[in-house]
1. Comparing A:55, A:109, A:89, which has the greatest mean-square fluctuation in the GNM of chain A with Cα pairs linked when under 10 Å apart?
2. Using the number of other C-beta atoms within 10 angstrom as an exposure proxy, rank B:227, A:85 with the fewest first.
3. In degrees, nearest 10, range 0 to 90: what is the angle between the Cα axis of helix A:111-129 and the longest Cα principal axis of chain A?
4. Sticking to Cα atoms, compute the Rg of segment B:199-280 to one decimal and its Dmax as the biggest Cα-Cα distance, whole number, in Å.
5. What shape does segment A:1-55 take by its C-alpha gyration tensor, where a ≥ b ≥ c are the square roots of the eigenvalues and a/c under 1.5 counts as rounded, a/b above b/c as prolate, and the rest as oblate?
6. As an exercise, use a Förster radius of 60 Å and the Cβ-Cβ distance of residue B:182 and residue B:270 to find the FRET efficiency, rounded to the nearest 0.05.
7. Once R0 is set to 51 Å, what does the formula 1/(1 + (r/R0)^6) return for the Cβ-Cβ distance between residue B:103 and residue A:32, expressed as a FRET efficiency to the nearest 0.05?
8. When all C-alpha to C-alpha distances in chain A are sorted into bins of 10 Å, what percent of pairs does each bin hold, rounded to whole numbers?
């Protein structure tokens, strides 16, 4: 029986987390879920959400956009298209990106693009509200 | 023979050039360090992604019906993504890629080749030679974000699916070390991922199901491949420029040495002539 999970969180731009953690919470295509050590093998698409994990008494929050999460053998792999630690958020930068996306969404765009932009918007919204 | 003053002027001009090349070398060294860092931090993502796709295609039994896997019966049009730098002065860095691209075009005679240049050098090269340019991405100055790669990837995927391109190839410089870059050419689409071997974990749960996950992952795989090639190319560019500028600095140094020697000789000759004049004059007066 293991008492830790090994979490690796990567975005295309960098490796954000690579350490032993006690638990991980996130939201996937099928809803929010929590992972504890000895979770059964599981793989899901992530939706934009606040991913939290705990090491001892400390909890950490990371905003992730869409991506994928895989857990097996007490290893959690998270692949996020965008990811940022809540403490590293540059509000002004995210606000302007948020505003730009909002105005783009008001314009005429294809359904496909709309879905994608909405997901991005959700990411920025979460980043601003946390 | 050039006068001493001419030589002096030349020495000054060469040492100015040397100063510039030396500075460029140092700038490239600093930029390269950053570029290499960016490249290395992108590696875990692409490695993990490839792993996940492999695992999923094993599970799907290699029978994924995603359009990316569909090899066309007759390949008529090939899109070629060529990654170069925007600026020159980096030795054979760009010409190696362009040469490889040209060889590729030669090998595929009879097929329509359309170019998607990333970097100004590739665009200039192919536009001048009358190739059809699908879309160009220039002027990033080596600062690529993942969004740029997504834009390229989307267009690539779209043209493959709607039949505009029957195959998509990617040519770029891979960063091996500071002094060596290797030209890589790979087929982006159709994808060739072997499925069918035994999945690692038999009782995996998937949300949503396997094929839907795989369909979401595959475009991302294309984007990551493009992103990786962009970053490799940027790091390689700075490495190549550093080496080229180092060589230039060294040859400028050698040239200065030669010129100084020449200058001294000329000066000495002038002094000797002057002395002779004086001696002769004095001699004549006797």
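1. Largest GNM mean-square fluctuation: A:109.
2. Result, fewest neighbours first: A:85, B:227.
3. That helix lies at roughly 70 degrees to the long axis.
4. Rg and Dmax of segment B:199-280, Cα atoms, are 33.8, 108 Å.
5. oblate
6. That pair, residue B:182 with residue B:270, gives E of 0.65.
7. 0.45
8. In order of increasing distance, the bins hold 13, 42, 30, 12, 3, 0 percent.
Since every read-out is calculated from the coordinates, none of them should be taken as a lab result. All values derive from a computational prediction rather than experimental measurement. When we count neighbours, we look across all protein chains shown, and the Cβ atoms used for this are built from the backbone with ideal geometry, even at glycine.
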